[in-house]
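Heads up: the structure comes next, in structure tokens.
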Amino acid sequence: MIYYNYVSTQASWDCIQTIFLCVPGEYAGSMEKAEEYARRSGWVQTAENNAAVLIVPLAENGWKTQDVSWIPEFYDLHKNDFKAPGGVSIPGRDGILWLWETMIYLAGYEDGADYAAEVLTAHPGFFAASLLKDGKIGSYEYADLEASHWFVRKPSDYSKKNCEIGSAVWMCGNIDESTRNYFENIPGSEVQVSEEVPSSDTVMNTLFNHTLRWKNSPDGEIRHYLGKKDYAESERYHHDSVTCGGLEYPFTVYLPEGMTKENMPVLPVVFSIHGRGEPTWVFAEKNGWQALADETREFMVVYPDSRYNIWSIERDKDAIRTILEKVMKDYRADSERVYLSGFSNGAVFTCQQASTYPELFAVASPWNGPGMEACVRLGIDPYVYHEAFKDSGYDMPFWICVGDSDGKASADREDELDILIPVNHCVRTSNEVWDGTNHYTKENGYTDGERFTTRVFRTEDGSVRVGLTVMKNMPHGAVWDESRAAWEFMKKFRRPAGSKQTAEVKE
């Protein structure tokens, strides 16, 4: 595979955006010409300014001879080949950049855009957003083929065609109506049209930096978010930081729409803890907590940030406690109703925090965390549940969420249930199942309820204290209904000051 690439000198531990640039054919025949166009069109500088990686495929025999699978095959082969210019990446990657699989973008110009349009028909789920300048689809032969299912290559009972997967596309210059109609008629697609050709900075700042393909299914869907700059400047988020163990920990507080520090009532606190490699400016809007806070007006959300975008119990043991102390001081927060939720590495950290400092929290809800055995075997973490937790006398209601197709987190959590069921005084034989027919219904506010199956475990008096939800056709991602299900469970419990036992919240 022959290509030109440019790696931003700013690329480091944040999740990296990858931009594939298909240049006009006259520039695609040599490395020198490809670089010339990449610089002249502004994409090299745009990549530099955005800490991104730019890839320019070469088509020495013309774009018409280029295989439409070149780009996804290139990514699979070379995604771990790019080093951070400063030598610092996410810990554990030895300086190798993480080309984030939900942030892959495509830009094509002239006959390079024709090729890019063909690639989009063959691999629509691969890209978060695309720019086509003068591009048109020459053949629709890939449209009716089964999709590659980018996030789950072999889902069990899920199947979609390429023509059923939405794309975010900016078409500019000479607009081909057939191509435009094709994309516009796909559910979930978003097509923007302009005769004027936008600069690379305009495309990056108005489309690419605000669009990702969220992993809520084997093909994902287009999801918009504020992006790093707008997140930092948004008045909807209250940014702060604490110092703990000599390290700074930024965090963000989100209050329900219309509330301020001055007019808010006393609210429960939900910590939403990001996963490995994913800072809060990416993570915050994707998991549904703030949308649910606006809808219910029942809680506030706190998004903590870790150093180098990874949580470590040895280094960060007291970070959440320190942030909580600051939140309690600055906001009208209910100290008896503090809840933990986290995704992936943040899910492991949720379990670690809940079992290490159970006196601080009322409920924990880990999502898509690597299993206990995998964490120890692979050296991910020294423990998931503190060794003293089981005999500490503390209970801790737990609501666990996992995907049935998650390659990073097994749906088998029996070893965790062996800890959590007795800790919460549940009866193993109380196991019952909630699903989309009896619980996660549209009447109860769920939109993806048919994908949920939950085993719940009760105490002898009938109180549900442990839940394990498995989501159908779910990769290493999430759907907003998870926050609804978790909150429905969480809000029933509080931890009275000084008590080892949680109590139920009276309506």
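Figures for the structure shown
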{"read-out": "Any hit, the range 143-156, residues being free of Cβ contacts under 8 Å to residues at least 60 places away in the same chain, crowded, with 17+ Cβ neighbours inside 10 Å, more than 27 Å from residue 62 (Cα to Cα) and among the hydrophobic types (A, V, I, L, M, F, W, C)", "value": "no"}
{"read-out": "Residues that are surrounded by fewer than 21 Cβ atoms within 10 Å (Cβ to Cβ) and among the hydrophobic types (A, V, I, L, M, F, W, C), drawn from the range 244-273", "value": "244, 247, 253, 259, 264, 266, 267"}
{"read-out": "Segments classed as helices (runs of 4 or more DSSP H), wholly inside the range 232-345, with at least 3 members that are within 16 Å of residue 365 (Cβ to Cβ)", "value": "289-296"}
{"read-out": "Yes/no for residue 373 being in a helix (DSSP H, G or I) and more than 14 Å from residue 478 (Cα to Cα)", "value": "yes"}
{"read-out": "Within the range 157-178, tally of residues that are in contact with a Pro (Cβ under 9 Å, 6 or more places away or on another chain) and touching a residue at least 60 places away in the same chain (Cβ under 8 Å)", "value": "1"}
{"read-out": "Residue 248, sole failed condition from (1) out of contact with any Cys (no Cβ under 6 Å at 6 or more places or on another chain); (2) assigned by TED's automatic domain parsing to the domain that holds residue 365; (3) at positive phi", "value": "(3)"}
{"read-out": "Options 435, 461, 481, 448; residue that is touching a helix residue (DSSP H, G or I) at 6+ places or on another chain (Cβ under 6 Å) and among the charged types (D, E, K, R)", "value": "448"}
{"read-out": "Qualifying residue in the range 444-451 (condition: touching a residue at least 24 places away in the same chain (Cβ under 8 Å), among the aromatic types (Phe, Trp, Tyr) and either under 28 Å from residue 214 (Cα atoms) or not assigned by TED's automatic domain parsing to the domain that holds residue 367 (or both))", "value": "yes"}
{"read-out": "Residue check, residue 65 in contact (Cβ under 8 Å) with a residue 60 or more places away in the chain and assigned by TED's automatic domain parsing to the domain that holds residue 131", "value": "no"}
{"read-out": "Residues being more than 27 Å from residue 148 (Cα to Cα) and either touching a strand residue (DSSP E or B) at 6+ places or on another chain (Cβ under 8 Å) or surrounded by 12 or more Cβ atoms within 10 Å (Cβ to Cβ) (or both) - total across the range 56-92", "value": "9"}
{"read-out": "Single condition residue 392 does not satisfy, out of (1) crowded, with 17+ Cβ neighbours inside 10 Å; (2) of a type in the set (Gly, Ala, Ser); (3) at pLDDT 95 or above", "value": "(1)"}
{"read-out": "Residue 402 over 30 Å from residue 93 (Cβ atoms) and part of a strand (DSSP E or B)", "value": "no"}
{"read-out": "Filtered residues of the range 161-206 (kept if among the small types (Gly, Ala, Ser), over 28 Å from residue 218 (Cα atoms) and touching a strand residue (DSSP E or B) at 6+ places or on another chain (Cβ under 8 Å))", "value": "173, 194, 200"}
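The values are calculated or read from the model by the stated rules, or taken from the named source; none is laboratory data. Bear in mind that the values here come from a model prediction, so they are computed numbers and not experimental data. Cβ coordinates were reconstructed from backbone atoms using ideal geometry, including for glycine residues, and neighbour counts include every protein chain displayed.
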